[in-house]
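Throughout, read-outs are computed from the coordinates displayed, never taken from laboratory work. Small disclaimer: the values here were computed from a predicted structure and weren't measured. Positions of Cβ are backbone-derived with ideal geometry, glycine not excepted, and every protein chain shown enters the neighbour counts.
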Amino acid sequence: MKVDYLLIGQGISGTWLSYFLQKENKSFLVIDDKNPNAPSRLAAGIINPVTGRRHVSTWMIDTLLPYVWEQYTTLGNELGITAISQRNVLDFFPSPQMRESFIKRVEEKGEYVSVPDDPNMFRPLFNYEFGCGEIKPVYTAHLETIIPAWRNKLATEGLLLEEKLKTDDLVVAKDHIRYKEIEAKKIIFCDGAACAANSWFELLPFAPNKGEALFVSIPGLPKDRIYKKGMLLVPMVQPDQWWLGSAYEWEFKDELPSAEFRKKGEQLLQQWLKLPYTIQDHIASIRPATLERRPFVGLHPVHHSIGILNGMGTKGCSLAPFFAAQLVRHLVYSEPIDPEGDVKRFTRILSRNIS
Ligand SMILES: Cc1cc2nc3c(=O)[nH]c(=O)nc-3n(C[C@H](O)[C@H](O)[C@H](O)COP(=O)(O)OP(=O)(O)OC[C@H]3O[C@@H](n4cnc5c(N)ncnc54)[C@H](O)[C@@H]3O)c2cc1C
């Protein structure tokens, strides 16, 4: 079998890369081992325009917000699903300091932040002492719907191979690669945190980061918003189901759900939520994060038949469509990739590993 591209991974990065390649009528095959703990299968899918204690705008957000809304809406229409929704964040301040910092940002006319007309209207649902603010617009990419729907389409069209690729089975030549009976002009790794152990890219400054979440049933909590108090409480597609998370652990001893996170989540729900709830599940996953919080996109500077779309960190839902589209335009029309995302910035490091 001969294809233009072999893609490794059908998380949100591989999904968007295959989507844009198909738009360009390129032939490809996606290999994915369907790891149930991959972050694209467990994340909440939020696209939040502000970050940190000072609620400053996130990297490139003014470009990304309209772009992702349009792309996910189009993808959803093509698949017959709702791929994206707007649900703003209601941020309950956990301390007077956080309240002060938020209000200061509103007074500075900071983008995306405001104070609700009636901050007391949520008292029947939550306990809160220091008021609340609103972040808008905030989008949710419905990963729990998008990833299986796209997978189903790939499988129906014969474009998916469900197995774990072992890099030892790859034969890399200058102008093509071979994997078992498949020959491709290029292979692109969209394999998430696993890429940090891949011999072509292991020298990149990956900084895998562990996140956890609880799935909670909360009958009666209105699903028109995301609620936040230190952690985010995000409505899921299943009736009454909510996602509470998450942790950001740079150092972790294993990839398993931890007793510490569960306790923290339960304590928060007990103090904050006035409605009855049931914890249904507890998950953990590893984000493919990078030291400088920028993705790795492009072709290997030495092995031109090998490429990467990775390092999406905490922002896969907004960065993956944007950089997948850039990568496809780079592959097809030789257009440049944003220098902050282009893996070429690591040419010296990657040239060291030319085995
Ligand atoms: C708890 C948590 C909450 C998060 N919340 C958000 C959020 O709200 N918003 C946001 O934008 N981001 C969020 N993220 C981050 C987001 O999930 C990631 O940035 C994104 O999912 C990365 O997608 P990816 O496709 O690059 O990698 P992955 O999701 O890791 O996908 C890689 C795919 O490759 C497959 N694979 C790997 N190796 C092989 C192999 N050798 N052979 C075959 N297949 C292979 C895996 O099975 C998987 O399907 C969160 C992450 C976590 C952990």
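Put simply, the Cα atoms of the range 105-159 extend 54, 31, 15 Å along their principal axes, the longest span coming first.
First measure r as the distance between the Cβ atoms of Ala197 and Thr73, then evaluate 1/(1 + (r/R0)^6) with R0 = 56 Å and state the FRET efficiency to the nearest 0.05. All intermediate terms of the calculation are to be shown ahead of the outcome.
Details: r = 36 Å, r/R0 = 0.64.
Once rounded, the FRET efficiency stands at 0.95.
Contact order, relative form, for the chain: 22 percent (alpha carbon pairs under 8 Å, 6 or more residues apart, mean separation divided by residue count). Looking at the range 1-143 alone, DSSP beta bridges between its own residues are antiparallel in about 75 percent of cases. Between the helical axis of 259-272 and the longest alpha-carbon principal axis of the chain there is an angle of about 40 degrees. Considered as an equivalent ellipsoid built on the Cα gyration tensor, the chain has semi-axes of 38, 21, 19 Å, the largest given first. Listing Phe206, Phe201 from fewest to most neighbouring C-beta atoms within 10 Å gives Phe206, Phe201.
What is the magnitude of the charge dipole of the range 55-138 about its Cα centre, with +1 placed on the Cβ of each Lys and Arg, -1 on the Cβ of each Asp and Glu, and no other charges, expressed in debye to the nearest 20? Before the final figure, lay out the partial values.
Numbers: 7 positive and 12 negative charges, 31 e Å.
Dipole magnitude for the range 55-138 comes out near 160 debye.
Each Lys or Arg adds one and each Asp or Glu takes one away; over the other residues whose Cβ falls under 10 Å from the Cβ of Ala184, this sums to +2. Rounded to the nearest 20, the size of the Cβ-charge dipole of the chain about its Cα centre is 360 debye, with Lys and Arg at +1 and Asp and Glu at -1. Along the axis of the charge dipole computed for the range 167-282 (Cβ charges of +1 for Lys and Arg, -1 for Asp and Glu, origin at the Cα centre), the listed residues Cys195, Gly220, Met231 are led at the positive end by Gly220. Once the C-beta distance of Lys26 and Arg348 is scaled by a Förster radius of 30 Å, the resulting FRET efficiency is 0.45 to the nearest 0.05.
Counting only DSSP H runs of at least 4 residues, each contributing -39500 (n - 2.57), and dividing by the residue count of the chain, the helix-based mean residue ellipticity at 222 nm comes to -8500 deg cm²/dmol. With a/c under 1.5 counting as rounded, go ahead and sort the range 1-47 into rounded, prolate or oblate using the C-alpha gyration tensor (a ≥ b ≥ c being the square roots of the eigenvalues; past the cut-off, prolate if a/b is larger than b/c, else oblate). In terms of gyration-tensor shape, oblate.
Annotation for the range 125-166 versus the range 12-56: alpha-carbon center distance of 8 Å. In this Cβ point-charge picture (+1 for Lys and Arg, -1 for Asp and Glu), the range 208-291 has a dipole of about 320 debye about its Cα centre. Residues in the range 274-304, backbone N under 18 Å from the label point at Lys253 (7 Å along the Cα-to-beta-carbon vector): list them, ranges by number please. Answer for the range 274-304: 284-285. For the range 251-343, a Kirkwood hydrodynamic radius built from all Cα pairs, placed in the Stokes-Einstein relation at 4 °C and 1.567 mPa s, yields a translational diffusion coefficient of 79 µm²/s.
Which net charge results when you count Lys and Arg as +1 and Asp and Glu as -1 among the other residues whose beta-carbon is under 13 Å from that of Asp254? Around Asp254, the surrounding residues sum to -3.
Would you mind ranking Asp254, Asp191, Asp240 by Cβ crowding within 10 Å, fewest neighbours first? Write out the running numbers ahead of the final one.
Working: Asp254 8, Asp191 30, Asp240 16.
Least to most surrounded, the residues fall as Asp254, Asp240, Asp191.
With an 8 Å cut-off on Cα pairs and a minimum separation of 6 or more residues, tell me the relative contact order of the range 1-150 in percent.
Working: 203 pairs, mean separation 44.8, N = 150.
The value is 30 percent.
Sequence-ordered 3J(HN,Hα) estimates for the range 83-98 from the Karplus curve with 6.51, -1.76 and 1.60 and θ = phi - 60° stand at 8, 8, 9, 9, 9, 6, 9, 9, 9, 7, 5, x, 7, x, 5, 5 Hz, glycine and proline given as x. Projecting label points 7 angstrom from Cα along Cα→Cβ for Asp117 and Thr82 puts them 2.3 nm apart. Overall dimensions of the range 23-160, expressed as equivalent-ellipsoid semi-axes from the Cα gyration tensor (√(5λ), whole Å, largest first), are 37, 16, 13. Electrostatic tally near Pro49: other residues with Cβ closer than 15 Å to its Cβ, Lys and Arg +1, Asp and Glu -1, net +3.
Going by C-beta contacts inside 10 Å, put Thr74, Thr314, Thr278, Thr15 in order with the fewest on the left.
On the way: Thr74 14, Thr314 20, Thr278 10, Thr15 27.
Ascending number of Cβ neighbours within 10 Å: Thr278, Thr74, Thr314, Thr15.
With a ≥ b ≥ c the root eigenvalues of the C-alpha gyration tensor of the range 150-258, is it rounded (a/c under 1.5), prolate (a/b larger than b/c) or oblate? Oblate shape, in that a/c is at least 1.5 and b/c is the bigger or equal ratio. Here the scattering of the range 308-350 is modelled by Debye summation over its C-alpha atoms, one equal scatterer each and no solvent; at q = 0.13 Å⁻¹ the log10 of I(q)/I(0) is -0.28. If you wrap the Cα atoms of the range 21-68 in a convex hull and average its projected area over all directions, you get 5.6 nm².
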